[in-house]
1. Report, in listed order, any pair from Lys66/Lys111; Lys213/Lys354; Lys130/Lys342 with a Cα-Cα distance greater than 27 Å.
2. Mean shadow of the range 190-289, computed from the convex hull of its alpha carbons, in nm²?
3. Work through the residues other than Trp293 whose Cβ is under 12 Å from its Cβ and net out their charges, Lys, Arg +1 and Asp, Glu -1.
4. Could you give the size of the charge dipole of the range 169-215 about its Cα centre, using +1 on the Cβ of each K and R and -1 on the Cβ of each D and E, expressed in debye and rounded to the nearest 20?
5. Keeping all protein chains in the complex and leaving out DNA, RNA and ligands, what accessible area do you get for Val343 with a 1.4 Å probe, in Å² to the nearest 10?
6. Round to a whole angstrom and tell me the spacing of the C-alpha centers of the range 78-94 and the range 128-176.
7. Which loop-located chymotrypsin sites (Phe, Trp or Tyr not before Pro) does the range 104-152 contain, where loop means any DSSP state but H, G, I, E or B and the Cβ has at most 16 other Cβ atoms within 10 Å?
8. Take the Cα pairs of the range 300-342, get the Kirkwood Rh, then feed it into Stokes-Einstein at 4 °C and 1.567 mPa s and tell me D in µm²/s.
Amino acid sequence: MKCPKCTREIPDDSVFCCYCGKKTKSEKQGKRKTRGNGSGCAYKRGKTWTACITPEGASYIDENGKTHQPRKYKGGFKTRNAAIAYCEKLQSQGTKPKAPNLLHYWKLYEKDDLEKLGKDKQIAYKGAWKKMESLQFRKVDTLTVQDLRRVVDEKTHTFYPAKDMKTLLRRLFELAAADRYVDKDLPEFIVLPELEETERKPFTEEEQKALWKIYDDGDRRAALPLIMIYTGMMPGEMQNLKIDMVHLDEQRIIGVSMKTKVRRKSPIYLPDTIVPVLIGEIAVTTSKSGYVWPRGEDRFYARYYAALEAAGCRRLEPYSCRHTTATALAIDKNIAPQTIKKVMRWSTTKMLDKYAHPDDNDAMEAINRLHRYSEETDLEQSPKAADDQDPNEQSKIS
């Protein structure tokens, strides 16, 4: 290398020039010290120094997906140290940075909270987010109730998609409220469409007998609705059922449950009646991937509805099988609601109101259990009173 003063060639490892004595580099070689992230910096402009910081939480994403980091400045310092010292004060000043847009909070929610939800909910919320294109780059503190209501009304016309949009907006506004950019739960004021949910019908006893008949006659297609009726399995669980999930020794299916956390942790119970049917399906499966039935919704639904047609049943959708399970359990007075909850893998017995469908005959049978009260019935229902009666009187009553 060359000496910076006399420009003569000197050894590369020289600290001083061997000709003029000029110091060429520091004796202490090491990594240059840097200041911590967020603590600011200082740079020289002309003859003075300027302090510069990036306010915490001020970064935002523009319409092109580019991240911006707004900065704050203060100049006029005579020395670099004075500018650096002022960075801390500049950071603590009460000037509030501009609020991020809604996209900023979606990115946060998508990264942390969304992954904790089930797959169905993840898909639902991602679909709800796509419907909010007109709001994605709006600053959260500029959004109004009218803005939120308008986008929901324009993009959805039914209850559940609108509910997903409302719930997602509430989660994003919660994050914005934590950063103190909003102070009200505006999504709470979104008005949802009326829930027009038709009541699902369970299979009648005659329809179940018809399914058993065609199965006994060799129509294996009937296995699908029968297994769902006798286990309460959902269509998605049936399609995802693998052979290694079936534990015949315990009469349980483990690992296929879906949707809610309680359902995913709960086994599916196999009644004695349906075990031979499931064994028969496993024995003849041709799936090389371990699934009990060939994959594909089209195949599943085609086989299901073909079984109903062959048995002469109504064209009830697959979820009616689960409603049939709940109804059969609910009308049995010997089965406690807590037991039904465990079999159906619910988190609360309130689900009985949605899934159980007692008919007029069930209601009449229940009401006929109420007897006329009389002196004779009091004696009949009271063992103690009967013991106190004269034997001849007891024989008259009987």
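1. Details: Lys66/Lys111 17 Å; Lys213/Lys354 30 Å; Lys130/Lys342 37 Å.
Exceeds cut-off: Lys213/Lys354; Lys130/Lys342.
2. Numbers: hull surface 37.0 nm².
Mean projected area of the Cα convex hull: 9.2 nm².
3. Working: positive: Arg220, Arg221, Lys242, Arg295, Arg299, Arg303; negative: Glu237, Glu281, Glu297.
So the environment of Trp293 carries a net charge of +3.
4. On the way: 8 positive and 12 negative charges, 49 e Å.
Dipole about the Cα centre, nearest 20: 240 debye.
5. 40
6. 41
7. On the way: sites: Tyr105, Trp106, Tyr109, Tyr125, Trp129, Phe137; in loops: Phe137.
Loop-located and lightly packed - Phe137.
8. Working: Rh = 11.9 Å.
The Stokes-Einstein estimate is 108 µm²/s.
The values are calculated or read from the model by the stated rules, or taken from the named source; none is laboratory data. Values in this document were obtained by computation on a predicted structure and should not be read as measured data. A quick note on method: Cβ atoms are made from the backbone with ideal geometry, for glycine too, and the neighbour counts reach across all protein chains shown. Surface accessibility is based on the protein's heavy atoms, side chains included, excluding ligands, DNA and RNA. Shrake-Rupley method; radii C 1.70, N 1.55, O 1.52, S 1.80 Å.
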